[in-house]
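Beneath this line is the structure, given in structure tokens, with notes to follow.
Computed from the coordinates by the stated procedures, all read-outs in this text should not be read as laboratory data. Quick caveat: nothing in here was measured; it's all calculated off a predicted structure. Methodologically, a virtual Cβ is constructed for each residue, glycine included, from the backbone with ideal geometry; neighbour enumeration extends over all protein chains shown.
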Amino acid sequence: MTTETPYRRAQAAGQEALRRTVLDAASALLVAEGPQALTMRRVSGEIGCSTTVLYTMFGGKDGLAEALYREGFARLRRRLAEAVEAAGDDPADRLAATGRAYRENALAERAYYGVMFGQAIPGFTPSPEAVAESKRAFDVLADAVTVLRERTGAPELALVDATDLLWATAHGVVSFELAGHYADEATAAATYGAALTAVSAHLGLR
């Protein structure tokens, strides 16, 4: 009788499902045991496949790390886009939704967030192509800023500056939260909301 493994289930579902299964197993190892656990042998053991499968998919540990990096930004982009779509037509609501979604994503995808921003894998440097692709995640935020600025007549601060200020604020507070800086979730959420409200007001996006 053939043993049912995560690898066999994912394989039956298709290549993309297999890729997600591998990356989720790798990210779980990062959270549970740290970067020293991120080896092809350990990941293959977690999902029940040979290391050959992983080498074929990713080429090696560096390729796996880059895939984690890309996947993290792809998930962030999807979450931001879904939040904006669910927010409706009001531009202020859409911008606020991106802020909430950014924090939700960071808390839900801590391992990916660490690879994206926290140097969770020592020695890993994403390729220029991966870095360029990562920036697409913030197109959703830039679009929300553009629409709201046009609607409100906000000052002509450069779009990239406005987007970067909002992202830097969100990232800073979330990073503090992930590091355990706040006493509880309520304090973290209130601080995050207040910080984004303040920078939005500074930008005239209210």
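A few remarks follow.
- Rounded to 0.05, the FRET efficiency of the Tyr182 and Phe117 pair, given R0 = 25 Å and the Cβ-Cβ distance, is 0.85.
- Loop-located chymotrypsin sites (Phe, Trp or Tyr not before Pro) in segment 114-202 (DSSP state not H, G, I, E or B) with no more than 14 neighbouring Cβ atoms inside 10 Å do not occur.
- Largest-first ellipsoid semi-axes for the chain, taking √(5λ) over the Cα gyration tensor eigenvalues, angstrom: 36, 18, 16
- Remark on segment 46-119: Rg and Dmax equal 16.1, 51 Å (Cα only).
- Calculated FRET efficiency for the pair Arg41/His171, C-beta based, R₀ 25 Å, to 0.05: 0.15
- Simple point charges give the picture: +1 on the Cβ of Lys and Arg, -1 on the Cβ of Asp and Glu, and for segment 93-206 a dipole about the Cα centre of about 140 debye.
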